[in-house]
């Protein structure tokens, strides 16, 4: 399960990269580690308002839900939804068909176990530019958005740096943004987009194991750290 993401890009860089602006720019704050268990918000581009960058609480709630976010997460964790399980849940499926989004990040994290020790890897573009992951969302009666990250079975993209989980986040290449967000796109085509190969020169490097400790965050958290048992830096995919 992916429960931590990273977004260290400045607001203006995000707006320049995607050619649209934040609806509420003063609310945006970069964060090296976004912990989904803390009811964090993520910047998203939605099918309903693709001309703006909005905010969504990470951890999707059913529409018309009225109780606390944390109470629902105790029942069922909705930070992630697997591509294969979307149709097994009515409100997941409805969101997939009618409310897709792009989740803006600059990185994510994986874990690799070697000789009984688990090491964290930070995955990012070389210049740490923002990119987008596949998401679905719901809008609550009070107007708040909540979102889930769509993940799929791990493949060679993360296989070299991840062996503690069998899933990976689905990155949407920029060339498919419009189709992903367009509700007139045939659903078979939407599913094809999820299976497209990642485009970009992604890199990964090991970081401090303190990353696994909740509520520990400092400015150099994302800096490379060397360990004896594993490769420090890895090139994941290059077009």
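What follows draws every value from the coordinates through simple rules; no lab data is involved. These numbers were taken from a predicted model, which means no experiment stands behind them. Neighbour counts run over all protein chains shown; Cβ positions are idealised from the backbone, glycine included.
Considering the zone a paramagnetic label at residue 77 would reach in this model (a point 7 Å from Cα along the Cα-to-Cβ line), which residues of the range 37-54 have amide N under 12 Å from it?
It comes to 37-38, nothing else.
With a ≥ b ≥ c taken as the square roots of the eigenvalues of the C-alpha gyration tensor of the range 1-142, please select rounded if a/c is under 1.5 and otherwise prolate if a/b is larger than b/c or oblate if it is not? Walk me through the numbers before you get to the answer.
Details: a/c = 1.68, a/b = 1.06, b/c = 1.58.
It is oblate, given that a/c is not under 1.5 and a/b is not larger than b/c.
Report the full-extension gain for the segment residue 142 to residue 48: residue separation times 0.36 nm, less the Cα-Cα distance, to one decimal in nm.
Working: separation 94, 0.36 × 94 = 33.84 nm, distance 1.61 nm.
Gain on stretching residue 142 to residue 48: 32.2 nm.
Over the Cα atoms of the range 4-237, Rg to Rh with Kirkwood Rh, two decimal places?
Taking Rg over the Kirkwood Rh, I get 0.95.
Give the relative contact order (percent, whole number) for the range 61-172; include only Cα pairs under 8 Å separated by 6+ residues.
Working: 177 pairs, mean separation 33.5, N = 112.
In percent, rounded to a whole number, it is 30.
Using a Gaussian network model of the chain whose springs link C-alpha atoms within less than 10 Å, name the residue from 31, 220, 148 with the highest mean-square fluctuation.
In this elastic network of the chain, the residue with the biggest mean-square fluctuation among 31, 220, 148 is 220.
Quick check: pseudo-label points 7 Å beyond the Cα along Cα→Cβ at residue 94 and residue 231, how many nm apart are they?
Result: 4.6 nm between the two label points.
Computed on alpha carbon atoms, what radius of gyration and Dmax characterise the range 137-225, expressed in Å?
When restricted to the Cα atoms of the range 137-225, Rg and Dmax are 17.0, 46 Å.
Can you give me the Cα centroid spacing of the range 69-94 and the range 102-159 in angstrom?
Here the answer is 16 Å between Cα centres.
How much length is gained if the chain between residue 125 and residue 182 is pulled fully straight, taking 0.36 nm per residue apart and subtracting their Cα-Cα distance, in nm to one decimal? Intermediate results must be reported in sequence, preceding the final value.
Numbers: separation 57, 0.36 × 57 = 20.52 nm, distance 2.63 nm.
The residue 125-residue 182 span can extend by a further 17.9 nm.
What residue among 87, 77, 35 has the largest mean-square fluctuation in a Gaussian network model of the chain, using Cα springs under 10 Å?
It is 87.
Suppose each label sits 7 Å from its Cα in the direction of the beta carbon; what would the residue 165-residue 115 distance come out to in nanometres?
Placing both labels 7 Å beyond Cα along the Cβ direction yields 2.5 nm.
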